[in-house]
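Participant: Input: one structure, supplied below.
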């Protein structure tokens with residue numbers, strides 16, 4: 001599913017609805033731009049996020065919360081695991 005069609009589906013739902021898209025192969029810069037914006041309802045996860053979860057480094061809820069916080073502060077729907085830092 002393309003980012004723009006997924007974004008449309010999420011925007012057609014209730015106000016507080018968020019969508020999570022997972023791509024094992026990652027996202028192009030265009031896809032990241034399409035998903036991002038003020039008050040974006042999308043969070044983009046890739047293989048790095050899954051690895052953190054499956055290797056029990058972080059709980060899935062913690063990964064999602066970290067990306068959601070980043071999205072609310074910056075409007076960017078994607079945050080690479082390398083940018084997680086010590087937060």
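What follows draws every value from the coordinates through simple rules; no lab data is involved. None of the values given here were measured: they were computed from a predicted structure. Using ideal geometry, Cβ is built from the backbone for each residue, glycine included, and neighbour counts are taken over all protein chains shown.
Participant: Among the residues of the range 32-46, write down those that are loosely packed, with under 13 Cβ neighbours inside 10 Å and either on the phi < 0 side of the Ramachandran plot or within 9 Å of the chain's Cα centre (by Cα) (or both).
Facilitator: Listed by number, the list holds a single entry, 38.
Participant: I would also like to ask the following. Touching a helix residue (DSSP H, G or I) at 6+ places or on another chain (Cβ under 9 Å) and within 18 Å of residue 8 (Cα to Cα): does that describe residue 30?
Facilitator: yes
Participant: List the pairs whose first member sits in the range 47-73 and is more than 14 Å from residue 85 (Cβ to Cβ), whose second member is surrounded by fewer than 16 Cβ atoms within 10 Å (Cβ to Cβ), and whose Cβ atoms are under 6 Å apart, counting only residues at least 6 apart or on separate chains?
Facilitator: Taking only residues 6 or more apart or on different chains, the pairs are 47/24; 53/60.
Participant: I need a count of the residues in the range 49-61 that are surrounded by 11 or more Cβ atoms within 10 Å (Cβ to Cβ) and over 14 Å from residue 20 (Cβ atoms).
Facilitator: 5
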